[in-house]
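Undergrad: I have a structure I would like to understand better, so I am pasting it below and will then ask my questions one at a time.
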Amino acid sequence: MFQNIRYRLLLSYLLIFASILSVFSLGVRLFFAHSLKQQIIDKLIVLGQSVIASAEWENNQLKIDSDFRVEALLNHHQSLQWFNLQGKILYQQGKIMTNLPFSQDNIRQIQEGKSKIQTVTLPIIDSDNGKLIGYLRVSQSLAELDEILEKLDWGLGIGIVVALVFSGVGGILLTNQAMIPIEDSFQRLKQFTADASHEFRSPLMAIQSNVSVSLKYSEGMRETDQESFKAIASATYQLTHLTEDLLLLARSEKNNLSSQEEVNLNTVMEELGILYQCQCASKNIKLTIVLNELLLIIGDRVQLSRLFSNLIENALHYTSEGGLIKIKGKRKGSLIEIQIQDTGVGIESQYLGQIFERFWRADTSRSYWHGGCGLGLSIVKAITENHGGTSTVISQLGIGSCFTVCLPMNLSSNH
Ligand SMILES: Nc1ncnc2c1ncn2[C@@H]1O[C@H](COP(=O)(O)OP(=O)(O)OP(=O)(O)O)[C@@H](O)[C@H]1O
Ligand SMILES: [Mg+2]
């Protein structure tokens, strides 16, 4: 149980930490991508402006100063294109040429084949008369930026994984620390329940024996007093049953069996069949037991008998007159599978996850109330787990239920 809580705590902690790291990394990635791109755009604008200074208007035409060595300003990722006012290309310089038609949008990012290109288009103004005489488009391939971002992605990814591994180790230590007081208080609560149930036994036995003696020698007793004594006897029986169940649950600890012996489940089932024969007959319920193989198991005989009697009692209590209870058992590899199937009231599917919880009873079972308090299946679960097995149920409301208990034949192989 605590192992499960530990895993869930650790998993939630890691999930939250991973989400925080992912959001943080995404933020860093977006910030870097944006500022690096902005730097490129700024550089292109400065480059464009210095090139524009070399352009002039001569004979109604855009001319470039022949002394100006444009290529000296460009690196191999950049290019320049001059356009006239009609958008016709006049000159170009550089290796990264884009075939993109002229557009007055001054800042654009375009995709050409696999590579991305950033362009900045600037107007060329004649310095003499302030008239617009053409346009200059400065372009730069973004391959370098992509390379930097790819390295950043790898760095962030590896950083996240390393941080998660370290925080996982830290998380294990922290959850272990956090669980110590919880486990302590759970153990104390368990001990208290066990002690209290144990202390209840003697006074309950005293009440029970006194009531039965009084009822045995009830001649001369008023009829109303007799009824009161019977009510006390029934309540005491229920209370004794409850304290016994609580004591068993409080003492049940995984891998803690009071005795380990070879138990013949065929004999256990036969004995239970005989025990419940009268109750079945009184409700006109047909009980069949089909065990075709020898079912031997290492475990605690008393506990195993209690496990199956709880399931048979439930089948009996929650099945109407004329119903059917079928017990089947077989080997399944290293496991023994026992099924107890009935044609009873059934359990709503929404409650199937809850029925093994302590003190849980379905509303549908109210009309079948037999004085139980909802501990029978918790005991089934505890005993099955003590033996390293599992208990499951399938059920359909109004049709019936089938409880399956799987137990390993050799206890030591599971412990
Ligand atoms: N075979 C069954 N058919 C229908 N409902 C069942 C069956 N077995 C259990 N249930 C439902 O599950 C609930 C819990 O069963 P559980 O055996 O734990 O308690 P209980 O029988 O009510 O009381 P107790 O066993 O402590 O005397 C029952 O109240 C009933 O609603
Ligand atoms: Mg029960």
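Undergrad: Could you count how many residues in the range 88-114 are in a loop (DSSP other than H, G, I, E, B) and of a type outside the set (S, T, N, Q)?
TA: Qualifying residue count for the region: 10.
For every residue, the table says whether it meets (1) touching a helix residue (DSSP H, G or I) at 6+ places or on another chain (Cβ under 9 Å); (2) outside the structural domain of ALA18 (by TED's automatic domain parsing); (3) closer than 30 Å to TYR237 by Cβ.
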position	(1), (2), (3)
ALA163	yes, yes, no
VAL169	no, yes, no
ILE172	yes, yes, no
THR175	yes, yes, no
ILE182	yes, yes, no
SER185	no, yes, no
ALA194	yes, yes, yes
SER197	yes, yes, yes
SER202	no, yes, yes
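Undergrad: Might you check whether a residue that is part of a strand (DSSP E or B), more than 16 Å from ligand 2 (Cβ to nearest atom), over 22 Å from ALA250 (Cα atoms) and not basic (Lys, Arg) occurs anywhere in the range 345-359?
TA: Checked the range 345-359: no residue is part of a strand (DSSP E or B), more than 16 Å from ligand 2 (Cβ to nearest atom), over 22 Å from ALA250 (Cα atoms) and not basic (Lys, Arg).
Undergrad: In this structure, does LEU296 turn out to be farther than 22 Å from ALA362 by Cβ and buried (at least 17 other Cβ atoms within 10 Å of the Cβ)?
TA: Spelling it out, it is not the case that LEU296 is farther than 22 Å from ALA362 by Cβ and buried (at least 17 other Cβ atoms within 10 Å of the Cβ).
Undergrad: With respect to PHE2, determine if the residue is touching a Phe, Trp or Tyr at 6+ places or on another chain (Cβ under 7 Å) and in contact (Cβ under 8 Å) with a residue 12 or more places away in the chain.
TA: no
Residues checked against (1) within 16 Å of ligand 1 (Cβ to nearest atom); (2) at positive phi; (3) in the same structural domain as ILE399 (by TED's automatic domain parsing):
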| residue | (1), (2), (3) |
| --- | --- |
| GLN277 | no, no, yes |
| SER282 | no, no, yes |
| GLU293 | no, no, yes |
| ILE298 | no, no, yes |
| VAL302 | no, no, yes |
| GLU337 | no, no, yes |
| ASP342 | yes, no, yes |
| GLY346 | yes, yes, yes |
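Conditions (1) in contact (Cβ under 8 Å) with a residue 60 or more places away in the chain; (2) in contact with a strand residue (DSSP E or B) (Cβ under 7 Å, 6 or more places away or on another chain), marked per residue:
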position: LEU15; (1), (2): no, no
position: SER19; (1), (2): no, no
position: PHE31; (1), (2): no, no
position: LEU36; (1), (2): yes, no
position: LEU44; (1), (2): yes, yes
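Undergrad: OK, next. With the condition being within 39 Å of the chain's Cα centre (by Cα) and modelled with pLDDT under 95, I'd like the helices (runs of 4 or more DSSP H) fully within the range 169-285 carrying at least 2 qualifying residues.
TA: Once the helices (runs of 4 or more DSSP H) in the range 169-285 are filtered for at least 2 residues that are within 39 Å of the chain's Cα centre (by Cα) and modelled with pLDDT under 95, what remains is 223-251.
Undergrad: Here are the criteria: (1) touching a residue at least 24 places away in the same chain (Cβ under 8 Å); (2) surrounded by fewer than 20 Cβ atoms within 10 Å (Cβ to Cβ). Tell me which single one PHE308 does not satisfy.
TA: Unmet for PHE308, out of (1) touching a residue at least 24 places away in the same chain (Cβ under 8 Å); (2) surrounded by fewer than 20 Cβ atoms within 10 Å (Cβ to Cβ): (2).
The values are calculated or read from the model by the stated rules, or taken from the named source; none is laboratory data. Because the structure is a prediction, the values reported are computed rather than measured. Cβ atoms come from the backbone with ideal geometry, glycine included; neighbour counts cover every protein chain shown.
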